[in-house]
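The values are calculated or read from the model by the stated rules, or taken from the named source; none is laboratory data. Nothing here was measured: the structure is a model prediction, and the numbers come from that model. Neighbour counts run over all protein chains shown; Cβ positions are idealised from the backbone, glycine included.
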Amino acid sequence: MGRQLAGRGGLAAAGWLVLALVASGCASSQPQPVPAPEAAELPAAAADARAASLATAYAAARSDGLDRRQFQPEDYWALLLPVLEQAPDRFQVSEIGRSIEGRPLRRIDFGRGDTTVLLWSQMHGNESTASRAIVDILRYLVANADDEMVARIESELAITIVPVLNPDGAARFVRHNAVGIDINRDAKRLATPEGRALKAVRDSIDADWGFNLHDQNVRTRLGSSGRDVRIALLAPPPGSGKTSPANQAARRMCSFLADAMAPIVGDQVARYDESFNPRAFGDLMTSWGTAVVLIESGGELDDPDKERLRRANFLGILSALDAVATGRWQHSSPERYLNLPLNSPWVYDLLVRGASIVLPGREPVLADFAVNFDDTLAASGGAIVEVGDLEVTSALEEFDATGLYFVPSPRVLGPELGPYLRIGTDAVGVLARDPEGTDIVKRLGPES
């Protein structure tokens, strides 16, 4: 374990962790922590007031230079480093390695407490919501040193942040690193310099807590409701079918976060199932004794740059840090997290119903077709992924093409043995009132 979850800042694992060990049948194999005084529960009114205060503070803390989800890592650091240079006695920045393409990997250290907290973002290069929120959070911490909550966090915690862990992927806005490796599946082999750097940082601070910050697929649904998932949470297990003090603490923190972020995301919070992945950083860090919380930002079509979820990350992460500093996370029941609806399977991005598909020299064929985009929120890079009777399927957007013809662009039709519409081909063409495609109602993809 890291430090038996017992830092000076009130995160101290109290006697409930011993009970958790006994309940899970593994108490005999772990040192038992010394019970610590219970943290005083923050009254609901005070918690609401703090959430309202942070919501107001966000407007001043938000960085104007990160309005879009996609940015270059060099531009990111050009915005962030001058902020941290305003308080060099409080914030230390150091290089921890280089990416495959030689971009710097950096850690930011803040706080002088005994409880160690590690946050890392954008290990998938196209998952940038938390990276942007981290700039906002650091701007807030720099500007509000005298604030009671900031002072408490700074005195009780030792925080290490590794933003934009995958800068090569971020530069291209793709998931994988420059050699195509998913860094979050490199925790065991440590083949990548990015994965090795993260592991070295975790080990160097012997992290008590870890916050693994991601974005998830916007197509994911909230349980059986068919609604968008705004935030998804996970307390990764330490092994298949196992729990541990770190896992139990993370479950309570997930419950805390579901409530803390509710003023922005409402009840649109899901959880992942706790299947163990022996290659993933969150799972292995939990097995190493760190209480890891995965926070995944979902998305909504009316918020293509995820500004709402950027604000939710600001509120949630700062609230979580304060909960670690005060021990308030201990008052959240794990049942709140365990009763969250599960992430449900994806739906399609776009479903076109009732069109007649036209191939050159062939009779039109009545068929629905589904389109998925490379970037759902930007509706770019669409591909046709299914054609036929799609009556029982659903999508984020649907278009009723009854009575219309879909005329694919000639450039996307496979030429082998005559033109044909291949599944996976680019969704480029027109929906028109005539089979020639001259009386256009809707255009899909770029003009051909």
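What tally of residues in the range 404-439 results from selecting those that are surrounded by 12 or more Cβ atoms within 10 Å (Cβ to Cβ), outside any loop (DSSP other than H, G, I, E, B) and among the small types (Gly, Ala, Ser)?
Qualifying residue count for the region: 2.
Would you say Ser255 is farther than 16 Å from Met285 by Cα and modelled with pLDDT under 95?
On the way: farther than 16 Å from Met285 by Cα: yes; modelled with pLDDT under 95: no.
It is false that Ser255 is farther than 16 Å from Met285 by Cα and modelled with pLDDT under 95.
Go through the range 300-341 residue by residue and tally those that are at negative phi and either in a loop (DSSP other than H, G, I, E, B) or in the same structural domain as Asp375 (by TED's automatic domain parsing) (or both).
11
Kindly evaluate Ala170 against the criterion of being within 18 Å of the chain's Cα centre (by Cα), among the small types (Gly, Ala, Ser) and in the same structural domain as Ala49 (by TED's automatic domain parsing).
For Ala170, the condition - within 18 Å of the chain's Cα centre (by Cα), among the small types (Gly, Ala, Ser) and in the same structural domain as Ala49 (by TED's automatic domain parsing) - is met.
In the range 163-183, which residues are assigned to a loop (DSSP other than H, G, I, E, B) and buried (at least 23 other Cβ atoms within 10 Å of the Cβ)?
Residues of the range 163-183 assigned to a loop (DSSP other than H, G, I, E, B): 163-166, 173-182.
Pro163, Val164, Leu165, Asn166, Asn177, listed by residue number.
Just to be sure, is Ala379 among the hydrophobic types (A, V, I, L, M, F, W, C) and on the phi > 0 side of the Ramachandran plot?
yes
Is it the case, given these coordinates, that Asp208 is in contact with an Asp or Glu (Cβ under 6 Å, 6 or more places away or on another chain), on the phi < 0 side of the Ramachandran plot and of a type in the set (Asp, Glu)? Even if it seems obvious, please write down each step before you answer.
On the way: in contact with an Asp or Glu (Cβ under 6 Å, 6 or more places away or on another chain): no; on the phi < 0 side of the Ramachandran plot: yes; of a type in the set (Asp, Glu): yes.
So Asp208 does not fit the description; no.
Working carefully through the options Asp136, Asp186, Asp109, find the one that is surrounded by fewer than 20 Cβ atoms within 10 Å (Cβ to Cβ) and modelled with pLDDT of 95 or more.
From the options Asp136, Asp186, Asp109, the qualifying one is Asp109.
Give the residue, chosen from Leu342, Leu309, Leu338, Leu301, that is under 16 Å from Ile134 (Cβ atoms) and in contact (Cβ under 8 Å) with a residue 60 or more places away in the chain.
After applying the criteria, what remains is Leu309.
Give me a count of the residues in the range 353-372 that are charged (D, E, K, R) and surrounded by fewer than 17 Cβ atoms within 10 Å (Cβ to Cβ).
Residues flagged as charged (D, E, K, R) and surrounded by fewer than 17 Cβ atoms within 10 Å (Cβ to Cβ) within the range 353-372 amount to 2.
Quick check on Ala246: is it closer than 26 Å to Phe91 by Cβ, of a type outside the set (D, E, K, R), out of contact with any His (no Cβ under 7 Å at 6 or more places or on another chain) and surrounded by 20 or more Cβ atoms within 10 Å (Cβ to Cβ)?
no
In the range 342-360, which residues are farther than 14 Å from Tyr405 by Cβ, among the hydrophobic types (A, V, I, L, M, F, W, C) and part of a loop (DSSP other than H, G, I, E, B)?
Trp346, Val347
I need a count of the residues in the range 361-370 that are of a type outside the set (A, V, I, L, M) and within 11 Å of Phe406 (Cβ to Cβ).
The qualifying residues number 3.
Only one of Gly195, Gly169, Gly210, Gly180 is without any contact (Cβ under 8 Å) to a residue 12 or more places away in the chain and under 19 Å from Ser121 (Cα atoms); which?
Gly180 is the lone residue from the list that is without any contact (Cβ under 8 Å) to a residue 12 or more places away in the chain and under 19 Å from Ser121 (Cα atoms).
Would it be correct to say that Ala40 is among the aliphatic types (A, V, I, L, M) and at pLDDT below 95?
Judged against the criteria, Ala40 is a match.
With the condition kept exactly as written, say whether any residue in the range 283-295 is of a type in the set (Ser, Thr, Tyr), farther than 30 Å from Glu386 by Cα, at pLDDT 95 or above and part of a helix (DSSP H, G or I).
yes
Go through the range 374-410 residue by residue and tally those that are in contact (Cβ under 8 Å) with a residue 60 or more places away in the chain and touching a Pro at 6+ places or on another chain (Cβ under 7 Å).
Selection size over the range 374-410: 2.
Would you confirm whether or not the range 224-236 contains a residue that is modelled with pLDDT of 95 or more, outside any loop (DSSP other than H, G, I, E, B) and β-branched (Val, Ile, Thr)?
Within the range 224-236, one or more residues are modelled with pLDDT of 95 or more, outside any loop (DSSP other than H, G, I, E, B) and β-branched (Val, Ile, Thr).
Look through the range 146-162, keep the residues that are farther than 23 Å from Tyr76 by Cβ and not aliphatic (A, V, I, L, M), and return whichever of them is surrounded by the fewest Cβ atoms within 10 Å (Cβ to Cβ).
Checking each candidate, the answer is Asp146.
Could you list all residues from the range 237-270 that are in a loop (DSSP other than H, G, I, E, B) and of a type in the set (Ser, Thr, Tyr)?
From the range 237-270, those in a loop (DSSP other than H, G, I, E, B) are 237-244, 261, 266-268; that's our starting set.
Those that are in a loop (DSSP other than H, G, I, E, B) and of a type in the set (Ser, Thr, Tyr): Ser240, Thr243, Ser244.
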